[in-house]
1. Which one of the conditions (1) at pLDDT 75 or above; (2) within 17 Å of the chain's Cα centre (by Cα) does F84 fail to meet, given that it meets all the rest?
2. Which pairs have Cβ atoms under 8 Å, sit 6 or more apart or on different chains, and link a residue in the range 96-121 that is farther than 30 Å from F74 by Cβ and among the β-branched types (V, I, T) to one that is in a strand (DSSP E or B) and open to solvent by less than 90 Å² (accessible area, probe 1.4 Å)?
3. Looking at the structure I just gave you, is I27 within 30 Å of K111 (Cα to Cα) and of a type outside the set (S, T, N, Q)?
4. If you check I14 against the conditions, is it closer than 30 Å to K119 by Cβ and either of a type in the set (S, T, N, Q) or under 40 Å from the mean Cα position of the chain (by Cα) (or both)?
5. When you check L55 against the structure, is it assigned to a helix (DSSP H, G or I), in contact (Cβ under 8 Å) with a residue 12 or more places away in the chain and surrounded by fewer than 12 Cβ atoms within 10 Å (Cβ to Cβ), yes or no?
Amino acid sequence: MKLIKWLSKAWPFIIVTFFGTLHYNVIKFVPNDNIEFTNNVIASFTQVAGGLIVLSTINSNLGLFRQISLFSIFQNWVKSFPYFRKIEMITGSARCEMPCFTMSAEGNTSKPCNTLEEKIEEAQRQIKELRDLLYRKEHELLSRISQIDNNLKSEIYKRAP
């Protein structure tokens, strides 16, 4: 198991060695008039392998620095296609007042987040929304208390001798 793990760290060198050995052995068995075609085919596969090695290295570096991968970048790019249905943010509120009680409710939806940056933005938006809700409710309560205070004072003045 340790040997396989050790060898897996050197996979780019193993792939290059594999293609070199394959090329050398195939050339031995190919007639002289087909050698150029064989060289072109093996060179094409070697170029593809080299491109995959470069992409793998870029992907691992992105993972180190930004905690994302090329696959997630590609996935987000596909999801940003302009004709895909977008999830809209919905906010709603309701209020009901009766002689005995007052009832109010508020609700909203949050957008799904794929990256850490989107999650941070969404958390900041929700914090701002909660802060606004808190200030609004505080203002409503203070105005309601002031209204009740004024009503009580007027009733007391009416009944005073």
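The values are calculated or read from the model by the stated rules, or taken from the named source; none is laboratory data. It should be emphasised that the depicted structure is a prediction, and the values quoted were computed from it without experimental measurement. A quick note on method: Cβ atoms are made from the backbone with ideal geometry, for glycine too, and the neighbour counts reach across all protein chains shown. Surface accessibility is based on the protein's heavy atoms, side chains included, excluding ligands, DNA and RNA. Shrake-Rupley method; radii C 1.70, N 1.55, O 1.52, S 1.80 Å.
1. (1)
2. If the second residue must be in a strand (DSSP E or B) and open to solvent by less than 90 Å² (accessible area, probe 1.4 Å), the pairs left are T102/C96.
3. no
4. Working: closer than 30 Å to K119 by Cβ: no; either of a type in the set (S, T, N, Q) or under 40 Å from the mean Cα position of the chain (by Cα) (or both): yes.
So I14 does not fit the description; no.
5. On the way: assigned to a helix (DSSP H, G or I): yes; in contact (Cβ under 8 Å) with a residue 12 or more places away in the chain: yes; surrounded by fewer than 12 Cβ atoms within 10 Å (Cβ to Cβ): yes.
So L55 fits the description; yes.
Conditions tested, residue by residue: (1) loosely packed, with under 11 Cβ neighbours inside 10 Å; (2) under 24 Å from K137 (Cα atoms); (3) modelled with pLDDT under 80.
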residue: N40; (1), (2), (3): yes, no, no
residue: S44; (1), (2), (3): yes, no, no
residue: A49; (1), (2), (3): no, no, no
residue: G63; (1), (2), (3): no, no, yes
residue: L70; (1), (2), (3): no, no, yes
residue: W77; (1), (2), (3): yes, no, yes
residue: N108; (1), (2), (3): no, yes, yes
residue: K119; (1), (2), (3): no, no, no
